[in-house]
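Heads up: the structure comes next, in structure tokens.
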Amino acid sequence: MSKTKYKYNPKTLAYEEVSYSWWMKLMRALLVVAPSLLFGLIFAFIFSQQFKSPREKNLEQKISVFEEQLQSINQESELAHKVLDVLQKKDEDLYRVLLYADEFPEELRLMGTGGSDRYEALREMTNSELLVSTKDNLDRLEKRLYAQSLSFKELISLTKNKEKVLASIPAIQPVRNSELKRLASGYGWRIDPVYKTSKFHSGMDFTADIGTEVYCTGDGVIEELERNGWGYGNCIVVNHGFGYKTRYAHLSAFKVKKGDKVKRGDLIGLVGSTGKSTGPHLHYEVEKGGKKVNPVHYYHSDLTPEQYEKLLKMSESSFKSLD
């Protein structure tokens, strides 16, 4: 039974019973309960910070294991990158050199890198830095592995055709070694014999008597027989395949027809002085992958080291071409 309270009323000179509205009763109750609630909340907060539930402990343990696994994956992928570095170096400096293969396109090794942030969603997660690092490592590894597989696929194909490749590469002089002493001009910047200006000479000039035999330097197909009153004059272009072509210019006669299949050492024409020529000679060019290169590097099949050194010095000593 609740205790009745009285209050003295000076107007009536009597004690009157005190009555409270429901609102006042509620406020009085809150004043009693509020400190307890506040204390309980504070205690619960402190407890939650100091002591973790079994579920939280389990989650933390799983996160820790997950982080260790990611770090392990990162370390293994870094090791894989180092192994790929070794393979790539052997690919570029050994295998492709031995097989006379072009350089593997750098853009294929770097394909898909850069661009927009592909890891934006990961950056909003817990341990985002570790997640992004791992994903980036794996993505780069996947692309490098794919690119290297393409390179090896190409090299395997070249290896299977190695005998055909070696037979097709221009590897001998287009004139006999007995004519080596009569080399006139090499590859590089030379003085034009007509205009007397500096001009890039894209081949080698072998001076020889008109009618001297000219030989094909590698297996291939006669792609063009050109007859010009200027420039190359009477000219033969041989397509050797595998990115190689050779040109034999200023000829006096052809010994083949367009479309003929030829072997290294086959007679294909005779030295002349047609086109833009100031004297009887053979102008010889080697083209690899659409780019004209120095023919002096392609005489390794019929020259001794001493002959090659002599040829190299002769090609560099002349500053004037014959065409």
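The values are calculated or read from the model by the stated rules, or taken from the named source; none is laboratory data. Everything numeric here is computed off the predicted structure, so don't read it as measured data. All Cβ positions, even for glycine, are placed from backbone atoms using ideal geometry, and neighbour counts span all protein chains on display.
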(Q) When you check Val165 against the structure, is it modelled with pLDDT of 80 or more, surrounded by 15 or more Cβ atoms within 10 Å (Cβ to Cβ), assigned to a helix (DSSP H, G or I) and out of contact with any strand residue (DSSP E or B) (no Cβ under 7 Å at 6 or more places or on another chain), yes or no? (A) yes
- Within segment 198-210, is there a residue that is more than 30 Å from Leu87 (Cβ to Cβ) and either in the same structural domain as Leu110 (by TED's automatic domain parsing) or modelled with pLDDT under 65 (or both)? yes
Inside segment 234-246, the number of residues satisfying the requirement of being part of a strand (DSSP E or B), among the hydrophobic types (A, V, I, L, M, F, W, C) and touching a residue at least 24 places away in the same chain (Cβ under 8 Å) is 3
Query raised in the report: Within segment 221-231, is there a residue that is surrounded by 22 or more Cβ atoms within 10 Å (Cβ to Cβ) and outside the structural domain of Leu99 (by TED's automatic domain parsing)?
Result: no
Restricted to segment 168-197 and to residues being more than 39 Å from the chain's Cα centre (by Cα) and at pLDDT 70 or above, the residue surrounded by the most Cβ atoms within 10 Å (Cβ to Cβ) is Val175
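Are any residues in segment 279-293 out of contact with any Gly (no Cβ under 8 Å at 6 or more places or on another chain) and crowded, with 16+ Cβ neighbours inside 10 Å, and if so, which ones?
Residues satisfying the conditions are His281, Leu282, Glu287, Val293.
Residue by residue, here is whether (1) part of a strand (DSSP E or B); (2) modelled with pLDDT of 95 or more; (3) closer than 19 Å to Val175 by Cβ holds:
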{"residue": "Tyr248", "(1), (2), (3)": "yes, yes, yes"}
{"residue": "Ile268", "(1), (2), (3)": "yes, yes, yes"}
{"residue": "Gly275", "(1), (2), (3)": "no, no, yes"}
{"residue": "His283", "(1), (2), (3)": "yes, no, yes"}
{"residue": "Val296", "(1), (2), (3)": "no, no, yes"}
{"residue": "Met314", "(1), (2), (3)": "no, no, yes"}
So, first residue at pLDDT 85 or above in segment 66-88, second residue not in a helix (DSSP H, G or I), Cβ within less than 9 Å, six or more apart or across chains; the pairs are Gln88/Phe104
Counting only residues in segment 240-263 that are within 26 Å of Lys162 (Cβ to Cβ) and in contact with a His (Cβ under 9 Å, 6 or more places away or on another chain), the one surrounded by the most Cβ atoms within 10 Å (Cβ to Cβ) is identified as Thr246
